[in-house]
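Novice: Quick one: structure below, then a few questions.
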């Protein structure tokens, strides 16, 4: 049932950056709906919004300054130690918020009367530090007396221990984290301001576009661009930083180049990939096309720089992050009056990428037929997990998977588990669901979840082999199928066969 492939070995530093970026992403992504809600609120009710309302506008400041950091800290805490970690982390970040506000107030108090005062520093980075750190602290405290509490005192000990840890971590946030984050935000803000003032912001594409292909972008995007962008949007109502990574134009241009000038399987699959990438916002679908011919990274950089240059020239931006990076999400967050500039930035980037990629493809006389599967395998090795979204395009042309499980009971609940439980895993679950229903088993449910959110209620868990051990810890009674590469349709057929063999007809 299994065929293995040898994946390229990545450097330890790259893997560590990927894991760090994934951890940051898992704190930010579940809270994207709250960021979108805040963006819609600012678009409508602030004084330059579509429907100005001074009363409703009073929500804008407290949400970004208090609610969003608390949500992020609570999410990070829950990832480390469940609900107890979420409560402790969410409380602790208030210490950093208050400490930062005090530092800013003291600084402004000493300014000359004609000097511009500092604005608030929003504790998104502080939340991403204190949430997990506070949860880890209560987790270690809980471990000290696990199983040693006398009967009847469990609730008393658990409540007071969490409260004391939350209090202490809030003090740490006030005295330690707040000054550090304020300094970091000032340095990063000055760096971005210097790039803008010197018309050098397009150079960020030299880092961002290659980083995307090798899944190193999350640390940059969620660790730097999102906090800085939210701070800028809180002051001016928009930020161009939200467009640096989310612009779907370069990916569209690359896939159109393959559509018109490619050969073999890549040319046949590129149109479908372009639809998923541009409208669905799943950018990873184009990564194998770049890895197949690495010189195409030049086209991606050229397109990315073009998009940023146009956005800067037209002084446009988004009100909040566009996630996923779909053209619909981009337009939904575009600031009022910026639609022309954003549109030119997207399609200008696509046009430049298309032209450069077309020239590179015309110069390349190598065969493409067998390259896409190998490039897909390389992409998944870079990512450190499966990318089931591409299974909708490559079908049997992809490299084979390694599946290890033999179901011995009726299967009614299947979960597709990955790090974040979004994007590609959602599409993978959709493919599995359709195949199982087409096989005549409507009683089987197929869902996708982040491993951190699994519980032991599933009959079959499908996960990448590097994540299977973690999935087993969450679902010890389930059957497990682990895969190296979840691209090929026969892998789905094997799972359908498991269902057919174990479920009554």
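The values are calculated or read from the model by the stated rules, or taken from the named source; none is laboratory data. Treat the numbers as computed from the prediction; the structure is a model and nothing was measured. Reconstructed Cβ throughout: ideal geometry from the backbone, glycine too, with neighbour counts over all protein chains shown.
Novice: Looking at the range 69-85, is at least one residue assigned to a helix (DSSP H, G or I), on the phi > 0 side of the Ramachandran plot and either touching a helix residue (DSSP H, G or I) at 6+ places or on another chain (Cβ under 6 Å) or surrounded by fewer than 21 Cβ atoms within 10 Å (Cβ to Cβ) (or both)?
Specialist: Pass one, the range 69-85, residues assigned to a helix (DSSP H, G or I): 69-85.
Subset that is on the phi > 0 side of the Ramachandran plot: 82.
When the remaining residues are screened for being either touching a helix residue (DSSP H, G or I) at 6+ places or on another chain (Cβ under 6 Å) or surrounded by fewer than 21 Cβ atoms within 10 Å (Cβ to Cβ) (or both), the result is 82.
Yes, the range 69-85 has at least one match.
Novice: If you take the residues of the range 140-159 that are surrounded by fewer than 13 Cβ atoms within 10 Å (Cβ to Cβ) and within 35 Å of the chain's Cα centre (by Cα), which of them is modelled with the highest pLDDT?
Specialist: Filtering first and then ranking leaves 140.
Novice: Give the residue that is farthest from residue 70 (Cα to Cα), with candidates limited to residues of the range 34-43 that are modelled with pLDDT under 90 and surrounded by fewer than 19 Cβ atoms within 10 Å (Cβ to Cβ).
Specialist: It comes out as 40.
Novice: Shifting gears a bit: Just to check your reading of the model, which residue among 343, 306, 376 is modelled with pLDDT of 90 or more and surrounded by 23 or more Cβ atoms within 10 Å (Cβ to Cβ)?
Specialist: Values: 343 fails: surrounded by 23 or more Cβ atoms within 10 Å (Cβ to Cβ); 376 fails: modelled with pLDDT of 90 or more.
Being modelled with pLDDT of 90 or more and surrounded by 23 or more Cβ atoms within 10 Å (Cβ to Cβ) holds for just one of 343, 306, 376, which is 306.
Novice: Then there is this: With respect to the numbered conditions (1) surrounded by fewer than 15 Cβ atoms within 10 Å (Cβ to Cβ); (2) within 24 Å of residue 29 (Cα to Cα); (3) at pLDDT 85 or above, which one is the sole condition not fulfilled by residue 475?
Specialist: So the condition that residue 475 fails would be (1).
Novice: Go through the range 141-184 and report how many residues are part of a loop (DSSP other than H, G, I, E, B) and within 21 Å of residue 81 (Cβ to Cβ). So that I can check it myself, show each step before the final result.
Specialist: Going through the range 141-184, the residues part of a loop (DSSP other than H, G, I, E, B) turn out to be 145-153.
Right, trim to within 21 Å of residue 81 (Cβ to Cβ) and you get 145-149, 153.
Total satisfying the criteria: 6.
Novice: Also, quick follow-up: For residue 91, are the conditions met, namely being under 14 Å from residue 182 (Cβ atoms) and either under 29 Å from the mean Cα position of the chain (by Cα) or not in a loop (DSSP other than H, G, I, E, B) (or both)? Steps first, please.
Specialist: Working: under 14 Å from residue 182 (Cβ atoms): no; either under 29 Å from the mean Cα position of the chain (by Cα) or not in a loop (DSSP other than H, G, I, E, B) (or both): yes.
It is false that residue 91 is under 14 Å from residue 182 (Cβ atoms) and either under 29 Å from the mean Cα position of the chain (by Cα) or not in a loop (DSSP other than H, G, I, E, B) (or both).
Novice: Would you check if residue 299 is closer than 17 Å to residue 351 by Cβ, in contact with a helix residue (DSSP H, G or I) (Cβ under 6 Å, 6 or more places away or on another chain), surrounded by fewer than 24 Cβ atoms within 10 Å (Cβ to Cβ) and modelled with pLDDT of 95 or more? Give the derivation first.
Specialist: Working: closer than 17 Å to residue 351 by Cβ: yes; in contact with a helix residue (DSSP H, G or I) (Cβ under 6 Å, 6 or more places away or on another chain): yes; surrounded by fewer than 24 Cβ atoms within 10 Å (Cβ to Cβ): no; modelled with pLDDT of 95 or more: yes.
Against the criterion (closer than 17 Å to residue 351 by Cβ, in contact with a helix residue (DSSP H, G or I) (Cβ under 6 Å, 6 or more places away or on another chain), surrounded by fewer than 24 Cβ atoms within 10 Å (Cβ to Cβ) and modelled with pLDDT of 95 or more), residue 299 does not qualify.
Novice: Name the one entry in 285, 327, 297, 275 that is free of Cβ contacts under 8 Å to residues at least 12 places away in the same chain and within 22 Å of the chain's Cα centre (by Cα). Let's see the steps before the verdict.
Specialist: Working: 285 fails: free of Cβ contacts under 8 Å to residues at least 12 places away in the same chain; 327 fails: free of Cβ contacts under 8 Å to residues at least 12 places away in the same chain; 297 fails: free of Cβ contacts under 8 Å to residues at least 12 places away in the same chain.
Exactly one residue qualifies, and that residue is 275.
Novice: List the number of the failed condition for residue 313; all other conditions in (1) closer than 25 Å to residue 256 by Cα; (2) without any contact (Cβ under 8 Å) to a residue 60 or more places away in the chain hold.
Specialist: (1)
Novice: Condition first: at pLDDT below 85, farther than 29 Å from residue 338 by Cβ and surrounded by fewer than 24 Cβ atoms within 10 Å (Cβ to Cβ). Now tell me which residues in the range 269-291 satisfy that.
Specialist: Across the range 269-291, the qualifying residue is only 291.
Novice: For residue 9, which of the numbered conditions (1) at pLDDT below 90; (2) surrounded by 13 or more Cβ atoms within 10 Å (Cβ to Cβ) fails to hold?
Specialist: (2)
Novice: Report, by residue number, each residue of the range 38-68 that is under 23 Å from residue 96 (Cβ atoms) and either touching a helix residue (DSSP H, G or I) at 6+ places or on another chain (Cβ under 8 Å) or not in a helix (DSSP H, G or I) (or both).
Specialist: 38, 59, 60, 61, 63, 64, 65, 66, 67, 68
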